[in-house]
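Chemist: Structure incoming, see below.
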Amino acid sequence: CTLEFKNDTFPVLENAGEAVARVVRKGKTDTFCRVRYITSDGNAVARKDYVPQDDWLDFPEGVTEGTIRVPIIDNQSLHDDKDFFISLSIPQVLQANGEVDKELKADIGPRIKTSVVIIDDDDAGVVSFEKDEHTIYQRDEEFVAPIVVKRKVGGCGKVSVAYSLEGDSAIPGRDFVAAEGRLDFDHNEMQAKIEVTIKAVPRYETKDRFRVLLFDPQGGLKLDTHMDGGSQRNILTVTIEADPESRQRVDRVWNLLQAKWQRSKVGQANWASQFKEALYVNGGQSDDDDEEDSDTPRLWDYIGHGITVPWKLLFALVPPTDFCGGWLCFYVALLMIGFVTMLINDLAALLGCVMCLPDEITAITFVAMGTSLPDTFASKTAAEQDPYADASIGNVTGSNSVNVFLGLGLPWMIASIYWAGKGYDEVWQARYQFASGLDFLGPAGRRTQGFVVEAGSLSFSVAIFACCATVCQCSSKPVEFSMGANSVVRLVQNGFLQAFFVGCGCSTSAYHLGSPCLKKVAFHADDESAPAFAAVAAPVPTAISLIICFREALL
């Protein structure tokens, strides 16, 4: 257990007869313990102002508080307040037979010593504030702050003192409520409080001041001559300032706003640089670097820049990652990708229709050239810059996942919702009401309208893809797919791979052009030149992609 005084100071009137000091026990209370106490002089003298004590204070089992009583001597003479001290020592735990327990220990807490103040009761006393200055911390709402006024050097009789509040930089009515009146002290009452109402005024660094005045003491009471104002009046200067915790909260918010503002400025600068890079050839690097270290743009750079500058300006609208933690860039880029994908697919489908090409040919030529081919170059670049090619693998798998789940799933979901809410449609009824394989929509003649996608066969496309992938893998082994090797190796390898690409396009065209169904749908019955035209036109997009890959190999 731990033993210590309950308070740091115990006041007592001189005519009270004895001073009472309280000692508390903390911790275990299931033992019998005791502590020694002894008095010592301050400016009060033993046997003249009090009776000295040196004894033991017992704490039986279950008792948590003990009392020390010291007789006080009333000398019937005027004097200032006096004090003496009581100290604790030698805490002990006793056994049932009264012997000291050597295993269990008792400790003394931080209040090992207390002072007893003897207040002279032979005079009305002296009144004053605790100190000349006082600080009040602002709150979010209006509150009452107590101002303590103490009576000392006597407590005889009923006395009073007048008080008033005087503004300084703090204005009455705005920062505090003006008040005045008299503060009464009963017989032997040594302390009273003035209640000051503080207004809820937002403040951060400003400090406002007002004064509390004590004057006109009555009943034999005097003002403390050592305080500010002297014997005529006592003055307490009160300062109102912001609460430290509120200031810290404001500082944290301000720092957060500053950081976000700096990121916004950087983001705006980065966004502006995107348009600059889109307008200049090679992003303007040759203009910013030294002439010796920079590479002069080549003819291919100018041609490519002229073709792609509208797209560069369009995609420069995508905000940088400095805004909204990168989420704004993510969603805007996703919208751009969806827009370009939709545009390429529609244009490819229209071009294939005009050139009398089946969808399979369009998919592995035009669509591949606009979507899969750039992904291939992006994967190649990522593989060269990353020692483990993690970004390259993530790009390939992510691209295919988006194509399948977003490219197919989202349009089909929208179409399903559209057809579920659409009314009677004659075209749908004519095409699907009596078609085979749609029994899940109901019996023929009473089917519910819905979005229908006729299943096709992927066997031919998968077979072509598997064969080409196998050949590509085998051809890359001898040279370890060294796209960064010398130009001859790159040219030979690209030409070899593109030959398979062109051959795939021609063979697929020949396969589908020989189909009676395609002839019936795609060509007029009297148009004998259409199949020949399609067979010649089918390799055109592959030739375009071959030129692009050839240029990539040269660079």
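Chemist: For Glu99, which of the numbered conditions (1) over 24 Å from Gln191 (Cβ atoms); (2) modelled with pLDDT of 90 or more fails to hold?
Modeler: Among (1) over 24 Å from Gln191 (Cβ atoms); (2) modelled with pLDDT of 90 or more, Glu99 violates only (2).
Chemist: Residue under question is Pro310, and the condition is that it be out of contact with any Phe, Trp or Tyr (no Cβ under 6 Å at 6 or more places or on another chain) and at pLDDT 85 or above; does it hold?
Modeler: yes
Chemist: Could you grab me the full set of residues in the range 166-197 that are among the β-branched types (Val, Ile, Thr) and within 29 Å of Pro11 (Cβ to Cβ)?
Modeler: Ile194, Val196
Chemist: Run Ala192 past the list (1) under 30 Å from Glu18 (Cα atoms); (2) in a loop (DSSP other than H, G, I, E, B); (3) open to solvent by less than 30 Å² (accessible area, probe 1.4 Å) and report the number of the one that doesn't hold.
Modeler: (2)
Chemist: From (1) touching a strand residue (DSSP E or B) at 6+ places or on another chain (Cβ under 7 Å); (2) at positive phi; (3) assigned to a loop (DSSP other than H, G, I, E, B), pick out the condition that doesn't hold for Gly181.
Modeler: The one condition Gly181 does not meet is (3).
Chemist: What are the pairs with Cβ atoms under 7 angstrom where one residue, in the range 1-25, is more than 26 Å from Gly125 (Cβ to Cβ) and outside any strand (DSSP E or B) and the other, located anywhere, is among the hydroxyl-bearing types (Ser, Thr, Tyr) and open to solvent by 50 Å² or more (accessible area, probe 1.4 Å)? Sequence gap at least six, or different chains.
Modeler: Every condition considered, no pair remains.
Chemist: While we're here: Cβ-Cβ distance below 6 Å, separation of 6 or more or different chains: which pairs start in the range 151-164 with a residue that is at pLDDT 85 or above and end on one that is among the basic types (Lys, Arg)?
Modeler: Ser160/Arg182; Ala162/Arg182
Chemist: Moving to a separate point now. Give the range 211-227 a look and list any residue that's buried (at least 16 other Cβ atoms within 10 Å of the Cβ) and either closer than 23 Å to Asp123 by Cβ or hydroxyl-bearing (Ser, Thr, Tyr) (or both), or say none.
Modeler: Result: Leu214, Pro217, Leu221, Lys222, Leu223, Asp224, Met227.
Chemist: What's the number of the only condition in (1) surrounded by 15 or more Cβ atoms within 10 Å (Cβ to Cβ); (2) in contact (Cβ under 8 Å) with a residue 60 or more places away in the chain that Asp208 fails to meet?
Modeler: Failed condition: (2).
Chemist: Could you count how many residues in the range 363-413 are more than 33 Å from the chain's Cα centre (by Cα), at pLDDT 75 or above and of a type in the set (Ser, Thr, Tyr)?
Modeler: 3
Chemist: For Gly181, are the conditions met, namely being of a type in the set (Gly, Ala, Ser) and at pLDDT below 90?
Modeler: The answer is no for Gly181.
Chemist: Let me ask another. Could you list all residues from the range 195-220 that are within 30 Å of Val250 (Cα to Cα) and either assigned to a loop (DSSP other than H, G, I, E, B) or aromatic (Phe, Trp, Tyr) (or both)?
Modeler: Lys199, Ala200, Val201, Pro202, Arg203, Tyr204, Glu205, Thr206, Lys207, Phe210
Chemist: Could you list, ordered by first residue, the pairs with Cβ atoms under 8 Å in which the first is in the range 384-402 and touching a residue at least 60 places away in the same chain (Cβ under 8 Å) and the second is aliphatic (A, V, I, L, M) and not in a helix (DSSP H, G or I), at least 6 apart or interchain?
Modeler: Partner pairs satisfying both residue conditions: Glu384/Met483.
Chemist: So how many residues does the range 425-446 have that are touching a Phe, Trp or Tyr at 6+ places or on another chain (Cβ under 9 Å), hydrophobic (A, V, I, L, M, F, W, C) and under 17 Å from Ala415 (Cα atoms)?
Modeler: Selection size over the range 425-446: 2.
Chemist: Kindly establish whether Thr114 is open to solvent by less than 20 Å² (accessible area, probe 1.4 Å), hydroxyl-bearing (Ser, Thr, Tyr) and touching a residue at least 24 places away in the same chain (Cβ under 8 Å).
Modeler: yes
Chemist: Kindly list the number of the only condition in (1) in a loop (DSSP other than H, G, I, E, B); (2) under 57 Å from the mean Cα position of the chain (by Cα); (3) surrounded by fewer than 12 Cβ atoms within 10 Å (Cβ to Cβ) that fails for Thr29.
Modeler: The failed condition is (3).
Chemist: So, one more: Quick one: which strands (runs of 3 or more DSSP E) lie wholly within the range 56-163 and hold at least 2 residues that are of a type in the set (A, V, I, L, M, F, W, C) and in contact with a strand residue (DSSP E or B) (Cβ under 6 Å, 6 or more places away or on another chain)?
Modeler: In the range 56-163, the matching strands (runs of 3 or more DSSP E) lie at 65-71, 82-94, 113-119, 126-129, 143-152.
Chemist: Only residues in the range 82-93 that are touching a residue at least 24 places away in the same chain (Cβ under 8 Å) count as the first member; pair them with residues that are part of a strand (DSSP E or B) and acidic (Asp, Glu), Cβ under 8 angstrom, at least 6 apart or cross-chain, and list the lot.
Modeler: As it stands, the answer is Phe84/Asp41; Phe85/Asp41; Leu88/Glu4; Pro91/Asp107, since those pairs meet every condition given.
Chemist: Using the structure shown, decide if Ser246 is open to solvent by less than 90 Å² (accessible area, probe 1.4 Å), under 30 Å from Leu13 (Cα atoms) and at pLDDT below 85.
Modeler: Here the answer is no, as Ser246 does not meet what is asked.
Conditions tested, residue by residue: (1) in contact (Cβ under 8 Å) with a residue 40 or more places away in the chain; (2) open to solvent by 70 Å² or more (accessible area, probe 1.4 Å); (3) touching a Pro at 6+ places or on another chain (Cβ under 6 Å).
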residue	(1), (2), (3)
Arg298	no, yes, no
Gly306	no, no, no
Leu313	no, no, no
Pro319	yes, no, no
Gly326	no, no, no
Phe330	no, yes, no
Met336	no, no, no
Thr341	yes, no, no
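Chemist: Does Val20 satisfy the condition of being in contact with a strand residue (DSSP E or B) (Cβ under 8 Å, 6 or more places away or on another chain), modelled with pLDDT of 90 or more and surrounded by fewer than 16 Cβ atoms within 10 Å (Cβ to Cβ)?
Modeler: So Val20 passes the test.
The values are calculated or read from the model by the stated rules, or taken from the named source; none is laboratory data. Just so it is clear, the model here is predicted, and its values are computed rather than measured. Note that we place each Cβ from the backbone using ideal geometry, even for glycine, and neighbour counts take in every protein chain shown. Heavy atoms of the whole protein, side chains included, go into the accessibility calculation; ligands, DNA and RNA do not. Shrake-Rupley method; radii C 1.70, N 1.55, O 1.52, S 1.80 Å.
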